[in-house]
Amino acid sequence: MSTSALPVPAPASRRAIAITLAAIVLWAVAYANLTPFADFVFGLTPLERATHLGDAVHFFIYDTPKVLLLLSGVVFAMGVVRSFFSPERTRALLAGRREGVGNVLAASLGVVTPFCSCSAVPLFIGFVSAGVPLGVTLSFLIAAPMVNEIALALLFSLFGWKIAAMYLSLGLAVAIAAGWIIGRLRMERDLEDWVLAIPATQANATSERRTWAERIDAGRAALTDIVGRVWPYIVAGIAVGAGIHGYVPEDLLASVMGRDAWWSVPLAVVIGVPMYSNAAGIIPVVEALLGKGAALGTVLAFMMSVIALSLPEAIILRKVLKPRLIAVFFAIVATGILLVGYVFNLVVA
C-alpha cells in the first residue's frame, strides 16, 4: 500500500479534536460575555442609551458579535456534519425514491445539507440526471434554503426551542406538500428541453472514509467559505434591524404587522419576495420587528418569503424551468408560507 493511501495518523485527529474543544470553550466564554462587551463598547461613545440613536447603536454593537458567533458555531458544526453528506451521496439517497416517501426524505435532507439558491441549477440538473423525480427534487430545493440549520439555530437561541420546533415542522410540511403537489401535476414537460435531453446517470452512493481530523478541516473550510461570503449581508441585516429597533414606532409596526390585521401576512410575503437575503442576514431584522410588537407569524412569513421565494432565485431557476412551472412553484410555496404565518399567529400568543 502506498504512503499516500494511508489514513491520517490517530495523533493528528487527537490534536485536531483538542484544538476544537479549546476553541469551543473560548466561543462559550465570548458568548457569555456579550452584554458586558456591548455595554463597554457603547460606553466609549458619547451617546445616551435613552435616545433613538443610542438605542439603535447599542443594538448593533450587541447583535453583531452575537449573530456572527452563532453563525460561526453552527456553520462549523454543520460543515463537519456535511462531510458525511456530499452532493453525490445526497443524489444517491434520493434517486429512484417514490413520491411521498421521497418528498419526506428530500425535505429532511434539505435541512442537513443546506445549499443556497445559487446552487439551485447544478443541483437541479444533477438530481434530474440521477433519476430523482421532479416533485422530490423541488421538496429538497425548497427545504434547503428555508429550513436550514442556520435559521433553526438562530431561532432556537433567540426565541427558544418551541418556536424553532414549530418552524422546523411547518417549514418541512411546506416543502413536502409543495413538492408532492407539483409531482402530482406531472409538469416534467415544463422543464427546459435541454434539461430533458440530459442522459440519465447512475448516482454513486459511495463516500470517502475520512478521519476526524479531515472532518474538522471540512468544518473549518465551511466556516471560512460561508462566513467569509455572508458576513456583509449579516452586518447589513443587523444595521436594518438596529434602525427598526431604534426609530420605528411600536404602534405603527404593531398595526401594520400585528395579528389583528388579516392582510398583514399576505403583505409580509409580497414585501419579502423582491428582497434577497439568507437566513443569517434576515434574522436580526426578524428580531427587531418582533421587539417592536410585530406578530410572530407575520414576521416568519416575511422571513420565509425572503429566503425561499426571492426574485434572484426565480431568475436562476429560469435556466432550467419554463415560466409556467416557476409560477406554479411560487404559487404553491407562497400558499404554504401564508398558512404558516396564520398558524403561528393563531397558536403563539
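Observations
- Top-ranked residue in the range 236-250 [being modelled with pLDDT of 75 or more and under 17 Å from I307 (Cα atoms); ranked as surrounded by the fewest Cβ atoms within 10 Å (Cβ to Cβ)]: A236
Residues are listed down the side, and each one gets a yes or a no for (1) closer than 20 Å to R215 by Cβ; (2) hydroxyl-bearing (S, T, Y); (3) modelled with pLDDT under 90:
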position	(1), (2), (3)
S4	yes, yes, yes
P7	yes, no, yes
R14	yes, no, yes
W27	yes, no, no
P36	no, no, no
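- Answer residue from the range 224-235, given it is over 16 Å from L154 (Cβ atoms) and modelled with pLDDT of 80 or more and is surrounded by the most Cβ atoms within 10 Å (Cβ to Cβ) among those: T224
- Condition check for T51: out of contact with any helix residue (DSSP H, G or I) (no Cβ under 7 Å at 6 or more places or on another chain) and modelled with pLDDT under 85: no
- Filter result for L93 (modelled with pLDDT of 80 or more and part of a helix (DSSP H, G or I)): no
- Looking only at the range 123-172, and only at residues there that are surrounded by 20 or more Cβ atoms within 10 Å (Cβ to Cβ) and among the polar types (S, T, N, Q), the one that is modelled with the highest pLDDT: S139
- Condition broken by N204, with the remaining ones in (1) modelled with pLDDT under 85; (2) in a helix (DSSP H, G or I) satisfied: (2)
- Residue selected from the range 329-349 under the condition more than 22 Å from the chain's Cα centre (by Cα) and part of a helix (DSSP H, G or I), by the criterion modelled with the lowest pLDDT: V347
- Considered as a group, the residues in the range 302-328 that are at pLDDT below 85 and assigned to a loop (DSSP other than H, G, I, E, B) include one that is nearest to V136 (Cα to Cα), and that residue is V320.
- The single condition from (1) of a type in the set (D, E); (2) crowded, with 18+ Cβ neighbours inside 10 Å; (3) modelled with pLDDT under 75 that D260 fails is (2).
- Here V81 clears all of (1) out of contact with any helix residue (DSSP H, G or I) (no Cβ under 7 Å at 6 or more places or on another chain); (2) surrounded by 11 or more Cβ atoms within 10 Å (Cβ to Cβ); (3) modelled with pLDDT under 85; (4) assigned to a helix (DSSP H, G or I) except the condition numbered (1).
The values are calculated or read from the model by the stated rules, or taken from the named source; none is laboratory data. Being a predicted model, the structure only gives us computed values, none of them experimental. Positions of Cβ are generated from backbone atoms using ideal geometry, with glycine treated the same way; all protein chains shown enter the neighbour counts.
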